Structure formats: C-alpha cells, structure tokens
C-alpha cells in the first residue's frame, strides 16, 4: 500500500506548485523570478519523494523475481534430466542400430 | 468372405496392441502412477504461459510513458521560463529525470522478464519435442533392424519375419509414457514451488502500478496531467496551433497510460488466479474425469505407437 503520509505531503507540494505557477504567469507580478525558483524547489521535492518510492517498488519486484529465478533453475534441471533420458534412449537405439548393422553384415559374410 | 491372411493380420494387430497396452501400463505404474501430462493440462499451461509472456512488458511500458511525460513537462517549463538559466536547468532536469526513469524501466523489464523465462520453461516441459526426438531415433532403429533381417533372409534363403518396426513401436510407446510421466512430475514441482514467488512478484508489480493511478495511489500520471494543464492554461495557450495539437496528443497519451495501468493491475490479479487454477489442474487428486483423460492419453500413446509401427512397416516393405 502506498504510504498515506507521503501522499498527503505530495498533494500539498503539488497544490503549492500549481499556485506558484499561476502567480508566475501573471505578467505584472513583481517577483516572477523568485516564484520560479520556489517552483523549482517544490518540483525537486516532489521528484525526490516520487523517485524514492519508485525505487523501493522496483527493488521489491527485483527481489521477488529472484525467488522465481531459483524455481526456474530447478525446473531447468528437471528438463535437462528429461533431455538426458532422450539422449540415453537415442544412444541405446544407436547401439542397437549398430548391432543390427553388424548382424546384417555378419550374415552376408557367412 | 475374409481370407486367411487378413484374419492373421488382424490377430497380429490385436496381439501387438494388447502387448503394448500391458507394457505401457507397466511403465506407467513403475514410474509411480502419479499421472501423465494430459492434453487439457497442456492447454492450461499454454494459456497461462502466453498470458504471462505478454504481461511482462506492461509495467516497464508504464514507467516508459512516465519518463516521456515528465520529460515533456520539463520542456514546457523551459519554454515559459522567466530566466534563461532556469530554462536551461529545466531542460537538464528533464534529461536527467528521463534517464533515471528509463533506468528504472530497464530494471523492471529485467525483473519482469523472469515471467517470460517461467513461461518458456513451462512450455518446454509441456512440449512433445521430447517424444518427437525419441521417435526419430527409434524410426532409424526400426528400419535398420528390418533391413538387416531382410538382408539375412536374402542371403540365407530364410523367411524370418521382420520385427524391427514392432520393437521400435513398443520402445516408442514405453519411452513416451515414461517421458510424459517425468514431464508431469517436473511441471507439478515447478508450478507448486513457483506459486508463492508468482504471488509475490505480482503483488510487487501491483504495488508499483498503484503508484501511478487508482485508489490510494500517488497519482503520478494525474500529477503530470495537472502540470501540463496548468502550464497550458497559464502560458501554453499563447503558443501557436502546433502546441495545441501537441497538448491534445499528450492528453491522449495520458489517457492510454491510465488505461494501461488499470488493465495491468487487473491482469496481475487474474494472472495470480490463473496460476492457482493451473496448480489445481496439475496437482489435484485424480477423479473419474481425470482418470478417463489419463486413460485417453494412454490410448493415444498406443495409437501413436501403432501408427508408428504401420509407418515403419510401409517404409520397410
């Protein structure tokens, strides 16, 4: 769940940003440059809060993906085992194949 | 009237089929009688893996849109700045934010890519390539055996019946049941052990998506929209028509991202549910319906082995 306190702070910052931006747009305002500086500070604050939360969420996804990775590794080993069985069957048939060939050749020599 | 040869062929066919059934049942029971990978299970696995495969791109796409929206908003700030230094600062900040967010997007894509790997291993474990590979080598064996017997018959003027296809077909049936049983065990292990991890990863993705939109969210997308709206209402509207067109495109983009967030959140819930259903489908104790399906799978294997034998017989005749 998203932290309610962070949401409240963010809402306050966003509301202030809006007010500052509207004031700054007033052509007659005497402190337009100062208002823009305040806007930049508020924008940075909003970014810091948002990024720190985003980082946490992405880290959570990374952490949980590692757990799935270990299951996939185990499943891959099982799949390799089955591949190995297929290879063994292949080898057995290859040997039988050769025996049949030798038997055929032996018969022709006899 | 049925002639003698036809009756004999029929008898041989029945004998071969009975022998196969016995051998396959023996293989099935010796390998633990836990189950065979049935058609409906394979269908369920395919459904899940295709859904999770396409899902893995969604969270990254949301962050990517956030990166673009915030970059554009910094550019709008720059365009209406009252100070050159500040204007340049807005552009630099836009680039920096974009970089940070695309970095997070890449990390999310990499982490969610694990869902693609999971789908791939489920697909592999449920595929019939294992039995197809065995069939190819057994086909070669059957032909070689029959060829050698024919050669022997020609030289020694004997009339030994060729049995290569019979051996190959029997081996095909037995190995196929054994492999399908191993596949079933492997899939059962994979889905059961993966479930807590799937639940955790989907919850983590949902938490990330909840940052963007929805109830109790940080409303990141809505905040970008508000910034754009305030900028347009206070300064942007003085710009030429091209700016209005651009803003309209941005609004459409915002709407699409909001839809994507909602759909991704719902899909995350459904994907978790689908995985639970998959477990039930693979793990549950066999009832009559499942038993019938397992028998059907056995029958299919018998038929496949019989067809394989006939194919070899035709090839060798």
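The values are calculated or read from the model by the stated rules, or taken from the named source; none is laboratory data. All of these numbers come straight from a predicted model, not from anything done at the bench. All Cβ positions, even for glycine, are placed from backbone atoms using ideal geometry, and neighbour counts span all protein chains on display.
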* To do: Residue by residue through the range B:109-136, note down the ones that are more than 21 Å from residue B:198 (Cβ to Cβ), at the interface with chain A (Cβ under 8 Å from one of its Cβ atoms) and surrounded by fewer than 21 Cβ atoms within 10 Å (Cβ to Cβ).
  => B:133
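Residue-by-condition table, conditions (1) at the interface with chain B (Cβ under 9 Å from one of its Cβ atoms); (2) surrounded by fewer than 16 Cβ atoms within 10 Å (Cβ to Cβ); (3) in a helix (DSSP H, G or I):
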| site | (1), (2), (3) |
| --- | --- |
| A:18 | yes, no, yes |
| A:33 | yes, yes, yes |
| A:44 | yes, yes, yes |
| A:66 | yes, yes, yes |
| A:75 | yes, no, yes |
| A:84 | no, yes, yes |
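From A:58, A:38, grab the single residue that is at the interface with another protein chain (Cβ under 7 Å from one of its Cβ atoms) and touching a helix residue (DSSP H, G or I) at 6+ places or on another chain (Cβ under 6 Å). Even if it seems obvious, please write down each step before you answer.
Numbers: A:38 fails: at the interface with another protein chain (Cβ under 7 Å from one of its Cβ atoms).
When all the criteria are applied, what remains is A:58.
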* Residue count for the range B:75-92, restricted to those that are facing another protein chain (nearest Cβ under 10 Å), surrounded by 21 or more Cβ atoms within 10 Å (Cβ to Cβ) and either modelled with pLDDT under 95 or under 20 Å from residue B:242 (Cα atoms) (or both) -> 2
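Within the range B:119-128, identify whether any single residue is farther than 19 Å from residue B:44 by Cα and in a helix (DSSP H, G or I), and answer yes or no.
Taking the range B:119-128 as the starting set, the residues that turn out to be farther than 19 Å from residue B:44 by Cα are none.
No; the residues of the range B:119-128 include none that is farther than 19 Å from residue B:44 by Cα and in a helix (DSSP H, G or I).
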* Structure fact -> Within the range B:215-225, residues more than 7 Å from chain A (Cβ to nearest Cβ) and either surrounded by 18 or more Cβ atoms within 10 Å (Cβ to Cβ) or not in a loop (DSSP other than H, G, I, E, B) (or both) come out as B:219, B:221, B:222, B:224, B:225
* **Odd one out for residue B:196 among (1) within 9 Å of another protein chain (Cβ to nearest Cβ); (2) in a helix (DSSP H, G or I); (3) more than 30 Å from residue B:282 (Cβ to Cβ)** => (3)
